[in-house]
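What follows draws every value from the coordinates through simple rules; no lab data is involved. Just so it is clear, the structure is predicted and the values come from calculations on it, not from any experiment. Cβ atoms come from the backbone with ideal geometry, glycine included; neighbour counts cover every protein chain shown.
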Amino acid sequence: YRTVPYVRAEQVKRLEKAKRDLAALGKVNPLAAEEYEALEARNRYLNDQRNDVVNSRDDLMTLIRDLDKTMVEVFRSAFEDTAAAFEQVFVTLFPGGTGRLRLENPDDLLTTGVLVEASPAGKRVKQLSLLSGGERSLTALALLFAIFTARPSPFYVMDEVEAALDDVNLTRLLNAFEQLRSHAQLIVITHQQRTMSIADALYGVTMRADGVTAVVSQKLKRNSHPSTRDSDPS
């Protein structure tokens with residue numbers, strides 16, 4: 001260790017600097033160790049909470065990706081089945097016509113829309129608004145029946161779905177009912193006598209003479225196919 005000559009002025013400067021540094025430190029905190037440990041524990045707790053949030057977020061994003069993948073697969077399968085059924089049902093409701101379903105954005109199945117193309121026999125239309133009211137109703141029913149066929153259910157409830165149909169279109173709808181009832185039960189609310197004629201049972205609500213509402217029922221015997229029985233609209 002090399003010694004240096006003692007220079008009072010330099011040592012005074014060192015002393016003054018040391019005093020300033022000591023003053024800058026402030027008073028000694030006897031509880032500094034305990035406070036440090038408390039802050040360190042708090043820091044560990046917050047870090048653990050943050051890590052839990054990050055891990056939960058990662059798990060949630062993984063779940064969302066899995067759900068998106070599942071929804072895409074389920075939607076694609078349901079759409080393909082429904083589109084195939086729609087073409088068959090459309091021919092039943094519109095003999096000689098063509099109808100199909102297509103995706104508005106096939107590359108993004110989570111946000112895509114479904115376009116319905118319907119061309120009755122003898123018509124070339126690109127918009128459903130150009131069809132008559134009865135044709136639009138039958139097109140909507142074709143889509144509904146296609147969904148029923150692609151994803152069947154034990155029974156279906158329909159409320160006056162044939163209200164806007166004329167006799168010819170009603171006959172086509174009744175034929176579609178016959179196909180649908182082969183694998184499901186139909187509950188149809190209607191005021192059409194021809195629709196009632198193909199039912200197995202009728203249920204109605206009437207007002208008795210004493211003013212009390214009563215429910216009546218009647219089972220029917222079906223002897224012939226509706227397309228034969230109702231071939232003459234008169």
- Residue match in region 150-157 (condition: polar (S, T, N, Q) and assigned to a loop (DSSP other than H, G, I, E, B)): yes
- Item | Residue among D166, D159, D210, D200 that is acidic (D, E), over 22 Å from A78 (Cβ atoms) and in contact with a Gly (Cβ under 8 Å, 6 or more places away or on another chain) | D166
- Within region 57-105, which residues are in contact with an Asp or Glu (Cβ under 8 Å, 6 or more places away or on another chain) and either assigned to a helix (DSSP H, G or I) or more than 19 Å from N169 (Cα to Cα) (or both)? R100, L101, R102
- Query: Got a number for residues in region 137-161 being within 15 Å of F94 (Cα to Cα) and either among the hydroxyl-bearing types (S, T, Y) or buried (at least 18 other Cβ atoms within 10 Å of the Cβ) (or both)?
  - Reply: 8
- Task: Output the number of residues of region 197-221 satisfying the condition of being outside any strand (DSSP E or B), within 37 Å of the chain's Cα centre (by Cα) and free of Cβ contacts under 8 Å to residues at least 24 places away in the same chain.
- Result: 2
- Task: Could you please find all residues in region 155-198 being among the hydrophobic types (A, V, I, L, M, F, W, C) and touching a strand residue (DSSP E or B) at 6+ places or on another chain (Cβ under 8 Å)?
- Result: F155, V157, M158, V161, F177, L180, A184, L186, I187, V188, I189, M196
- Task: For region 13-56, enumerate the residues that are exposed (fewer than 10 other Cβ atoms within 10 Å of the Cβ), of a type in the set (G, A, S) and in a helix (DSSP H, G or I).
- Result: A23, A24, A32, A33
- Task: Report, by residue number, each residue of region 41-80 that is without any contact (Cβ under 8 Å) to a residue 40 or more places away in the chain and of a type in the set (A, V, I, L, M).
- Result: A41, L46, V53, V54, L60, M61, L63, I64, L67, M71, V72, V74
- A careful count of residues in region 1-12 that are surrounded by 10 or more Cβ atoms within 10 Å (Cβ to Cβ) and of a type in the set (F, W, Y) gives 0
